[in-house]
1. If you stretched the chain out fully between residue 196 and residue 232, how much longer would it get, using 0.36 nm times the residue separation minus the C-alpha to C-alpha distance?
2. Please compute the modelled spin-label separation between residue 246 and residue 145, points set 7 Å along Cα→Cβ, answer in nm with one decimal.
3. Cut-off is 10 Å between beta-carbons; in what order do 60, 103 appear when sorted fewest neighbours first?
4. Using only DSSP helix segments of four residues or longer, with each worth -39500 (n - 2.57), what per-residue ellipticity at 222 nm results for the chain after dividing by its residue count and rounding to 500?
5. Quick one, which of (i) 1.11; (ii) 0.96; (iii) 0.98 is the actual Rg/Rh (Cα atoms, Kirkwood Rh) calculated for this model?
6. Of 69, 258, 171, how do they rank once you tally other Cβ atoms within 10 Å and put the fewest first?
7. Got the relative contact order for the chain handy, in percent, Cα pairs under 8 Å and 6 or more residues apart?
8. I need the peptides 29-40, 107-118, 193-204 ranked by packing, meaning the mean over residues of other C-beta atoms within 10 angstrom, with the highest value on top.
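Read the figures in this text as sums done on the coordinates, not as results from a lab. Here the structure is a predicted model, which is why all the values come from computation and not from measurement. Don't worry about glycine lacking a Cβ; one is built from the backbone with ideal geometry, like all the others, and counts go over all protein chains shown.
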């Protein structure tokens with residue numbers, strides 16, 4: 001894997017792998033990991049690489065350093081990249097592509113949130129399957145303080161995770177809230193001390209990557225189908241993926257390992 005960077009912009013994505021975990025790290029520490037247009041576009045490229053790699057079992061999104069996950073969009077680009085309707089459309093397409101690549105990733109996606117998680121960072125984390133944060137994390141949806149509109153798909157995603165009332169609160173008030181609030185409303189699954197976050201998330205990813213990838217893929221597809229209106233859900237595809245689990249060598253390995261009281265060695269087939 002290689003860094004995705006441009007000469008003109010200081011921000012970059014550090015795209016790497018640790019064992020079977022694919023990592024996308026937002027690195028723009030001078031601006032609390034604000035994401036520029038090139039970084040947004042790079043997210044899709046990184047996700048595509050991880051999806052195509054059968055050895056990758058989990059995709060982890062994180063921010064570089066200790067101060068931020070992602071603070072939002074790099075506002076310094078707005079004068080150049082969002083100064084007309086045409087430029088705005090190009091910029092929005094890059095952001096939308098990054099968001100959707102995470103939301104529609106067929107492999108588990110996890111957001112490791114340390115420090116600031118606001119605006120576009122909050123939306124990015126919302127598109128992950130699971131979110132963990134440190135006890136010093138700070139969240140905010142500041143659209144109403146910037147005069148920015150937020151699309152219906154994004155509002156729907158937040159509403160599905162934290163409910164209409166909490167979504168209304170975040171968007172109407174644009175308030176800053178902490179880790180305890182984020183957990184109480186269901187945005188994050190667990191809050192851990194900042195010093196323990198790295199080890200906790202590493203351990204969780206280790207647990208997931210040891211499990212049967214065909215089973216996880218079927219569950220992930222079912223969750224993705226459930227986001228669709230009832231008449232558009234592909235239940236047959238999910239059933240086919242479930243059947244593939246029972247017909248796989250991994251299913252045999254799982255049963256054998258259980259009987260032999262050992263850790264199974266799954267091979268995604």
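1. 8.8 nm
2. Here the modelled spin labels are 5.4 nm apart.
3. Fewest-to-most Cβ neighbours within 10 Å comes out as 103, 60.
4. That calculation yields -15000 deg cm²/dmol at 222 nm.
5. Derived directly from the coordinates: (iii).
6. Fewest-to-most Cβ neighbours within 10 Å comes out as 258, 171, 69.
7. 14 percent
8. The packing order, highest mean first, is 107-118, 29-40, 193-204.
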